[in-house]
Amino acid sequence: MPSFPSYRPRRLRRTDALRRLVRETRLEPSQFVLPLFVRSGAGVRLPIESMPGVAQTSVDELLIDAREAASLGIGGVLLFGIPDTKDAMGSQAWNDDAPVQQAVRALKRELPDLVVITDVCLCEYTDHGHCGVIRDGDVDNDATLELLARESVSHARAGADIIAPSDMMDGRVRAIRAALDAGGFANTAILSYAAKFAGPFYGPFREAAESTPQFGDRRSYQMDAANSDEALREVRLDIEEGADMIMVKPAGPFLDVIHRVKAETGYPLAAYQVSGEFAMIQAAAERGWIDRERAMMESLLGIRRAGADIIVTYFARDAARAL
Ligand code: PBG
């Protein structure tokens, strides 16, 4: 490699046009997925305090947001439901007339080209806030699988393109794949939250989804933040069980995991820039401590550069507009 003075790296940094020409990583709206929170009613829009700009909405209002996302060229939406009632099993999760199922039907009718992904988990639906059924004070893995499968089939029946299980039970991808195939939904894809780490960055989301655990925490099912070899094992397992795409979550603190997973699997990889990552930038920007737009774009660029193909982000619309 030539060195100074024959090689001068600054030559290619002189103008916007040159910098653009040699840019290695690009962001496109089609790579973004926008999370949306849906509840029952009409004309409802309840702002989430810890996530400025994000709201729980009824289906009619959700369509307004989704239409805007589609017109900006955003790749897809990821739906979370807030049910009217909760119980120990989370039975509203597989109610064909619950808010998520209604939203999926409305989206596929109104915006057939927008990819609709549904989050499959029980924590929004259980009265205890855990991601599965409780037995002897802990989440019962195998008893939960059947419920996740029911929820997935209900979402597929409504017309979801992609089912995204975020519960972190062992064996759920196999159980969901089998149930989808048996139900006649062989073409419904699975995006598995394969490497999902327990931690503080989901705090604001739990206000948004009303899914804070009523006792204990999620460390007996979500991963320990220290482990990246284990993340690879989780990812390989989910691929063997039938996952079409995989996810690493959160994104910012786990860029090394994103990089390893992409390099070692080559599978379509999504990374979730979660509520806490979003809230930190919003809060600092509100105080005038950081340039919101530049911090947003740099955080997204870092996630892409690490190797993610798709970014799930609450910034999807703002970033698409900025592009
Ligand atoms: C459901 C789920 C969570 C998130 C996505 N799906 C919360 C959790 O695991 O506690 C978090 C998303 C975010 O923080 O933006 N299990």
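The values are calculated or read from the model by the stated rules, or taken from the named source; none is laboratory data. Because the structure is a prediction, the values reported are computed rather than measured. As a convention, Cβ positions derive from the backbone with ideal geometry for all residues, glycine included, and neighbour counts pool all protein chains shown.
Can you spot a residue in the stretch 5-23 that is surrounded by 14 or more Cβ atoms within 10 Å (Cβ to Cβ) and under 21 Å from A320 (Cα atoms)? No, that holds for no residue. Annotation: of all residues in the stretch 31-58 being surrounded by fewer than 22 Cβ atoms within 10 Å (Cβ to Cβ) and β-branched (V, I, T), the one that is nearest to the chain's Cα centre (by Cα) is I48. Scanning the stretch 251-267 for residues that are free of Cβ contacts under 8 Å to residues at least 60 places away in the same chain and either under 17 Å from L301 (Cα atoms) or among the basic types (K, R) (or both) turns up G252, P253, F254, L255, D256, I258, H259, R260, K262. Look at the stretch 160-180: where a residue is in contact (Cβ under 8 Å) with a residue 12 or more places away in the chain and under 19 Å from C123 (Cβ atoms) and a partner is crowded, with 22+ Cβ neighbours inside 10 Å and basic (K, R), sitting 6+ places away or on another chain with Cβ atoms under 6 Å, you get P165/R172; M168/K196.
State all residues of the stretch 99-136 that are assigned to a loop (DSSP other than H, G, I, E, B) and free of Cβ contacts under 8 Å to residues at least 24 places away in the same chain; if no residue qualifies, say none.
Within the stretch 99-136, P112, D136 qualify.
I'd like to know if the stretch 305-318 contains one or more residues that are more than 16 Å from the ligand (Cβ to nearest atom) and either in contact with a Cys (Cβ under 7 Å, 6 or more places away or on another chain) or among the small types (G, A, S) (or both). Looking for residues that are more than 16 Å from the ligand (Cβ to nearest atom) and either in contact with a Cys (Cβ under 7 Å, 6 or more places away or on another chain) or among the small types (G, A, S) (or both), one finds at least one in the stretch 305-318, hence yes.
Taken together, the residues in the stretch 204-246 that are in contact with a Pro (Cβ under 9 Å, 6 or more places away or on another chain), modelled with pLDDT under 95 and surrounded by 20 or more Cβ atoms within 10 Å (Cβ to Cβ) amount to 2. For T144, state whether it is among the polar types (S, T, N, Q), closer than 29 Å to A308 by Cα and either within 14 Å of the ligand (Cβ to nearest atom) or within 18 Å of the chain's Cα centre (by Cα) (or both). No: the conditions fail for T144.
Looking across the stretch 149-159, the residues that are within 25 Å of F197 (Cβ to Cβ) and in contact (Cβ under 8 Å) with a residue 40 or more places away in the chain come down to E151, H155. Would the stretch 196-211 turn up any residue that is in a loop (DSSP other than H, G, I, E, B), of a type outside the set (D, E, K, R) and in contact with a helix residue (DSSP H, G or I) (Cβ under 6 Å, 6 or more places away or on another chain)? Among the residues of the stretch 196-211, not one is in a loop (DSSP other than H, G, I, E, B), of a type outside the set (D, E, K, R) and in contact with a helix residue (DSSP H, G or I) (Cβ under 6 Å, 6 or more places away or on another chain), which makes the answer no. Each residue in the stretch 68-88 was checked for being touching a residue at least 24 places away in the same chain (Cβ under 8 Å), surrounded by fewer than 19 Cβ atoms within 10 Å (Cβ to Cβ) and more than 16 Å from V33 (Cβ to Cβ), and 3 pass.
Within the stretch 279-301, the residues that satisfy the criterion of being small (G, A, S), crowded, with 17+ Cβ neighbours inside 10 Å and more than 18 Å from P29 (Cβ to Cβ) are A279, A285, A295.
Within the stretch 269-278, is even one residue more than 16 Å from the ligand (Cβ to nearest atom) and under 12 Å from I310 (Cβ atoms)? Yes, there is a match, as at least one residue in the stretch 269-278 is more than 16 Å from the ligand (Cβ to nearest atom) and under 12 Å from I310 (Cβ atoms). Scanning the stretch 36-53 for residues that are part of a loop (DSSP other than H, G, I, E, B) and in contact with a Ser or Thr (Cβ under 9 Å, 6 or more places away or on another chain) yields a total of 9. Of the residues that make up the stretch 228-247, is at least one touching a residue at least 24 places away in the same chain (Cβ under 8 Å) and within 12 Å of the ligand (Cβ to nearest atom)? The answer is yes, given that some residue of the stretch 228-247 is touching a residue at least 24 places away in the same chain (Cβ under 8 Å) and within 12 Å of the ligand (Cβ to nearest atom).
Residues in the stretch 137-147 that are free of Cβ contacts under 8 Å to residues at least 40 places away in the same chain and β-branched (V, I, T): T144 only.
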